[in-house]
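Note sheet for the following structure.
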Amino acid sequence: MRFARALATAVGLLLLWQAVVTLADLPPYILPAPLAVLGVWIERADTIADHAFITALEMILGFGLGAALGIASALAVASFRPVRRWLMPLLVVSQAIPVFAIAPLLVLWFGYGIASKVAMAALIIFFPVAANFLDGLRRTEPGWLDLAHTMTVGRRGAAFRVLWHIRIPAALPALASGLRVAAAVAPIGAIVGEWVGSSAGLGFLMLHANARLQIDLMFAALLTLALFALVLYFAVDRSLTALIAWQRETLPSDTATVSLPATGGAR
């Protein structure tokens, strides 16, 4: 049923697209028809595939790097008070500067290759992962922490045990939310980097197609990018759902507590 609903939505959007083109009598250089875009997609499949591989690689590497940096930063801020004082302003500043203002600098520092695009994607992904995971770590149930401190008082590595067995499992749903947002915005960093300076990728292909008024090719590249973004999002979503399957969802009015995984945590 989920697949059928998604298919029905896609077909409905295509029909609406075709209706707008037909009723408004729009020329192809303004808005090409879906069949024209599909024709170019098939005709230029080799070219689109070569550029799509570069963009997909940038998205995946940027997602992995940004997620790793975000998780590490959240753990450092939550665990060490001195780090919190220095790192929190950097987290805010990283989002206060517009992306387009940073992109030329990254291209200047890392060159026109894949490194600058991965860095741009990681920079965009970093904040939602770090912010959501840090919020989850801070909102750990106080009762669990009190019980854990009581059970581990005087033991070596007590703080690490509490972090590993209590705070991190309790913060996994918040981390999952941040990773889902990161998967949705991952294409932005790669495409912005390609627009600023690149020699390959879907963003590069879109710029050149637009300059030559090949709007059907530009739409074909755009739809390919959207497809990649959907695949990445649903892959991350399925993986996270399996990872936190133990987390029982509760309604706001439900007073039952959420049980921890059986990895040594309190229940």
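Every read-out reported here was derived from the displayed coordinates using simple, explicitly stated rules and does not represent laboratory data. Computed from a predicted model, the values in this text were never measured in an experiment. Here Cβ is always computed from backbone atoms with ideal geometry, including for glycine, and neighbour counts include all displayed protein chains.
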TODO: Could you calculate the contour length gain from Leu38 to Trp195, that is, 0.36 nm times the residue separation minus the distance between their Cα atoms, to one decimal place in nm?
DONE: 54.1 nm
- [ ] Just subtract the alpha-carbon distance of Ala45 and Tyr29 from 0.36 nm times their residue separation and send over the number in nm, one decimal.
- [x] 3.7 nm
Open item on the list: Can you sort Trp109, Trp195 from fewest to most other Cβ atoms within 10 Å of each residue's own Cβ?
Closed with: Trp109, Trp195
Open item on the list: If I stretch the segment between Val231 and Met88 completely, what's the gain in nm (0.36 nm per residue apart, minus their alpha carbon distance), one decimal?
Closed with: 48.2 nm
TODO: Arrange the following residues from fewest to most other Cβ atoms within 10 Å of their Cβ: Asp46, Asp216, Asp135.
DONE: Asp46, Asp135, Asp216
Task: Neighbour-count ranking [beta-carbon atoms within 10 angstrom, fewest first] of Ser177, Ser199, Ser73, Ser79 - done: Ser199, Ser79, Ser177, Ser73
Task: For segment 218-226, 3J(HN,Hα) per residue [Karplus equation, 6.51 cos²θ - 1.76 cosθ + 1.60, θ = phi - 60°, Hz, x = Gly/Pro] - done: 5, 5, 4, 5, 5, 5, 5, 4, 4
Task: At R0 = 22 Å, FRET efficiency that the Cβ-Cβ distance of Phe80 and Arg139 yields, to 0.05 - done: 0.75
Open item on the list: Which residues among segment 182-202 fall inside the zone where the amide N is under 15 Å from a point 7 Å beyond the Cα of Ala6, along Cα→Cβ?
Closed with: 184
